[in-house]
Amino acid sequence: MQILGIESSCDETGVALVQTAERGWPQLLAHALHSQISMHQAYGGVVPELASRDHIRRVLPLTREVLTSAGRTLADVDVVAYTRGPGLAGALLVGSGVACALAAALNKPVLGIHHLEGHLLSPFLSEDPPEFPFVALLVSGGHTQLMRVDGVGQYTLLGETIDDAAGEAFDKSAKLLGLPYPGGPGLSRLAEQGNASAYKLPRPLLHSGDFDFSFAGLKTAVLTQSQKIGPQVLQEGSVERADLAASTQAAIVEVLLKKSMSALEHTGLKRLVVAGGVGANRRLREQLNEACAKRAVRVHYPELHLCTDNGAMIAMAAAMRMQTGLATPEYEYAFDVKPRWPLHQLA
Ligand code: KG4
Ligand code: ZN
């Protein structure tokens, strides 16, 4: 079986083709991606209407590219999978509409996929896939959650952010430091040159005794600190700017690290899976690797280029749901998208 996956929930158009295997997990045949980041940068964030229009322009050329590089044609596609939610409504409608129209034309079934399940299962695309059960730290631009994962579709929420997501904390702090959108990668690059203990920033809910997060206060603290330092000092190339970036990153990373370690202790599990865009953060990976090594915990990440949004994770989640008998693609081409859709509500 060959499954075409289409991702269009935010500012990346991703298309991929995976193939189910007789034994073992499905394999990725090809994937292609177009990032809209440069288009949105002028506005300091994602402009939903521009995002939808760009998905329309990109999705078919990317589909052709994927099929060509996999050496396949549309006739070889058995199932068309697409991101049904959560995400921007207009952007989701493009991927869903194209997926359903394509499937209807080919007389093939469709399957709508949860974007976060895609992230969660993306480490199964790596050479060394995890084994169930594990604790998952899902850290993206819109979500920050700790889950207990016992199998495909068996997700128990342990805790989540009560306000901003970790990616949002990176992005908003980066904006305050004058870095372009999305700020995560830029802030972490700048942080490499700074001193992480230069400024004392809050570690919200660090000792709350549960697995919830809160990052809204951190952004305010970064704002207050940057006002104290002053815009004249906080210029590009200044030590203060790099120090504030490093201190911000350290605050976010410490909370993610400590909460992940408590979730491992609480569940008694010896495996951690880290997924979502913030999972690409080098400092976070270093600290998690070190802490997990001490506890004899195996830690798995998606391959670096599959950390942020992509079509491969959507095709893979569809293939894994089908392989485990959890989902059956349907010849039903009427679609509805789910811009807000908690992962633990997924049946
Ligand atoms: O998973 P993702 O691509 O999209 C969502 O589903 O939200 O995550 C995007 C988020 C952005 O907030 C971005 O700043 C952050 O991931 N991000 C990073 C890094 N790379 C991406 N944050 C910190 N360090 C990075 N290296
Ligand atoms: Zn995502």
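The values are calculated or read from the model by the stated rules, or taken from the named source; none is laboratory data. The structure presented is a predicted model; accordingly, all values stated were derived computationally and were not measured. Virtual Cβ from ideal backbone geometry, glycine too; neighbours counted across all protein chains shown. Accessible surface is based on the protein model in full, side chains and every heavy atom, while ligands, DNA and RNA are left aside. Shrake-Rupley method; radii C 1.70, N 1.55, O 1.52, S 1.80 Å.
Looking only at residues that are part of a helix (DSSP H, G or I), of a type in the set (Val, Ile, Thr) and in contact (Cβ under 8 Å) with a residue 40 or more places away in the chain in the range 242-287, which one is nearest to Pro133 (Cα to Cα)? Can you show your working first?
First pass over the range 242-287, keeping only residues part of a helix (DSSP H, G or I): 242-267, 277-280, 282-287.
Retained after the next criterion (residues that are of a type in the set (Val, Ile, Thr)): 248, 252-253, 255, 267, 278.
This time we only want the ones that are in contact (Cβ under 8 Å) with a residue 40 or more places away in the chain, so: 248, 252, 255, 267, 278.
Numbers: Thr248: 32, Ile252: 26, Val255: 23, Thr267: 10, Val278: 22 Å.
Ranking the candidates gives Thr267 first.
Name the single residue that is surrounded by the fewest Cβ atoms within 10 Å (Cβ to Cβ) among those in the range 106-142 being under 17 Å from Leu157 (Cβ atoms) and away from ligand 2 (no atom under 16 Å from the Cβ).
Selected residue: Phe132.
Can you pull out the residues in the range 317-336 that are open to solvent by less than 40 Å² (accessible area, probe 1.4 Å) and either of a type in the set (S, T, N, Q) or within 15 Å of ligand 1 (Cβ to nearest atom) (or both)? Even if it seems obvious, please write down each step before you answer.
Filtering the range 317-336 for residues open to solvent by less than 40 Å² (accessible area, probe 1.4 Å) gives 317-322, 327, 329.
Ala317 - this is the single residue of the range 317-336 that is open to solvent by less than 40 Å² (accessible area, probe 1.4 Å) and either of a type in the set (S, T, N, Q) or within 15 Å of ligand 1 (Cβ to nearest atom) (or both).
Return yes or no: is Val278 within 27 Å of Ala174 (Cα to Cα), out of contact with any His (no Cβ under 8 Å at 6 or more places or on another chain), open to solvent by 10 Å² or more (accessible area, probe 1.4 Å) and of a type in the set (A, V, I, L, M)? Can you show your working first?
Values: within 27 Å of Ala174 (Cα to Cα): yes; out of contact with any His (no Cβ under 8 Å at 6 or more places or on another chain): yes; open to solvent by 10 Å² or more (accessible area, probe 1.4 Å): yes; of a type in the set (A, V, I, L, M): yes.
It is true that Val278 is within 27 Å of Ala174 (Cα to Cα), out of contact with any His (no Cβ under 8 Å at 6 or more places or on another chain), open to solvent by 10 Å² or more (accessible area, probe 1.4 Å) and of a type in the set (A, V, I, L, M).
Out of all the residues in the range 281-293, which are surrounded by fewer than 15 Cβ atoms within 10 Å (Cβ to Cβ) and more than 30 Å from Cys10 (Cα to Cα)?
Glu290, Ala293
Considering each of Ala275, Ala245 in turn, give the residue that is more than 29 Å from Ile314 (Cβ to Cβ) and at pLDDT 95 or above.
Ala245
In the range 148-168, what residues are closer than 23 Å to Ala251 by Cβ, more than 15 Å from ligand 2 (Cβ to nearest atom), among the hydrophobic types (A, V, I, L, M, F, W, C) and buried (at least 18 other Cβ atoms within 10 Å of the Cβ)?
The one that is closer than 23 Å to Ala251 by Cβ, more than 15 Å from ligand 2 (Cβ to nearest atom), among the hydrophobic types (A, V, I, L, M, F, W, C) and buried (at least 18 other Cβ atoms within 10 Å of the Cβ): Leu158.
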